[in-house]
Each structure stands twice: as C-alpha cells, then as structure tokens.
Amino acid sequence: MFNKIDEPGIRSFREREFASTMASSSFVELRNTLPSHVDIISPFVDQQMRFLARFPRANANTFEIELALREALANAIVHGNREHPHKLVYVKCRCTTQGDVSITITDEGRGFNDDAVPDPTSPGNRQRTYGRGIYLIRTLMDEVAFEQGGSVVHMHKRANATSDIARKTQ
C-alpha cells in the first residue's frame, strides 16, 4: 500500500475527482485485462470480491459492488466489444484502507450516449426484459461517470455507504 498524490495520465475532471478521493488515504489497486467472453464475468467478479473482502470496511457494500461490477462487465463485453474475440476489457479496482472502492472499466467498443438510455422505471419500459444494467449501476454505486463516448465507466462506492435501494426501503 502506498499514498498516491498525483496520477499521471488523468485525462478528465471526473478521473481527477476520483483520484483525489483516493489520494487522501493508502490504497491497493488491481489492474486486469479480460477477454470479451461473458463466461469470464462470474469467475472474475468472484476473484474481485475475494480481494475486496480483505478490507473490512468495504465488506458492508459487497452486494452493491458485486452487482454493479457484473452489470458493467456485461455491458462492456456484450454491448461495448460485442463479444469480439480480439477486443479486450480493462478493469482497474482500487480499495482504500478506509474501505472506499473505485472501479474503472474500459472496453474497446464505440461507446454510447448514456443520456439516451431509456429509464427502465418509466411505465412504457417496465415490461422490457433488457435495459436495466446502467440503472442498477447508478442506483447501487455512490458515483458513476461515463467517458470516451461511454467506453469508460468509473464507479465509486464510499465505505459503509448505503445504496439508493437500501435508502428507499428504510
């Protein structure tokens, strides 16, 4: 673990904001490169969750993080890379000693306009069997930002934070 004050290669305000959140404490970061095969999602997420389990303060949010990670990976592989066998998905997972978790997923696809994604909770979309992934990611994580035309998603979960779902059921 080490302190990171400045991250070279930060290209945007949002990345800088995520980096500054993480810079105030020690952290561990894992970087992985995955093939564009949906069958890799479950074993990879299981591995990431075992990594996060080492940080007791992050443990309170494991369900939210796990589901958001699964959805983001599925989106990157299926919609971003269109399961192209030569395209890759890049995952960066950072956990602070305080339990904050930051995950960035980058695919090699063309991206999408996240503002154009229909709201799955609107009456006309409730019966659809698709289109809930981004909604779930935004609901479960504390911060979500899309960049590079939607090919990059930054997700952040604060330690011991409750998701929108948990807050609505209280």
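The values are calculated or read from the model by the stated rules, or taken from the named source; none is laboratory data. What you see is a predicted model, and the numbers here were worked out from it, not measured in a lab. Reconstructed Cβ throughout: ideal geometry from the backbone, glycine too, with neighbour counts over all protein chains shown. SASA here: full protein model, heavy atoms, side chains in, ligands and nucleic acids out. Shrake-Rupley method; radii C 1.70, N 1.55, O 1.52, S 1.80 Å.
Residues that are open to solvent by less than 30 Å² (accessible area, probe 1.4 Å) and within 19 Å of the chain's Cα centre (by Cα) were ranked within the range 101-128; the one that is farthest from residue 155 (Cα to Cα) is 109.
For first residues located in the range 76-100 and hydrophobic (A, V, I, L, M, F, W, C), partners that are part of a loop (DSSP other than H, G, I, E, B) and open to solvent by less than 60 Å² (accessible area, probe 1.4 Å) and lie 6+ apart or on another chain with Cβ distances below 7 Å form the pairs 77/36; 88/36; 89/36; 89/81; 95/55.
Filtered by the rule that a residue be crowded, with 16+ Cβ neighbours inside 10 Å, in a helix (DSSP H, G or I) and aromatic (Phe, Trp, Tyr), the range 43-99 gives a lone residue, 44.
Does residue 16 fit the bill of being open to solvent by 60 Å² or more (accessible area, probe 1.4 Å), outside any helix (DSSP H, G or I) and either under 22 Å from residue 131 (Cβ atoms) or modelled with pLDDT under 95 (or both)? So residue 16 does not fit the description; no.
Which of the residues spanning the range 106-121 are more than 14 Å from residue 133 (Cβ to Cβ), of a type in the set (D, E, K, R) and touching a helix residue (DSSP H, G or I) at 6+ places or on another chain (Cβ under 9 Å)? Let's see the steps before the verdict.
Of the residues in the range 106-121, the ones more than 14 Å from residue 133 (Cβ to Cβ) are 106, 108-111, 113, 115-116.
Now drop any that are not of a type in the set (D, E, K, R), which leaves 108, 110, 115.
Matches in the range 106-121: 108, 110.
Selection of the range 100-114 for residues being more than 19 Å from residue 59 (Cα to Cα) and either modelled with pLDDT under 95 or in a loop (DSSP other than H, G, I, E, B) (or both) yields 108, 109, 110, 111, 112, 113, 114.
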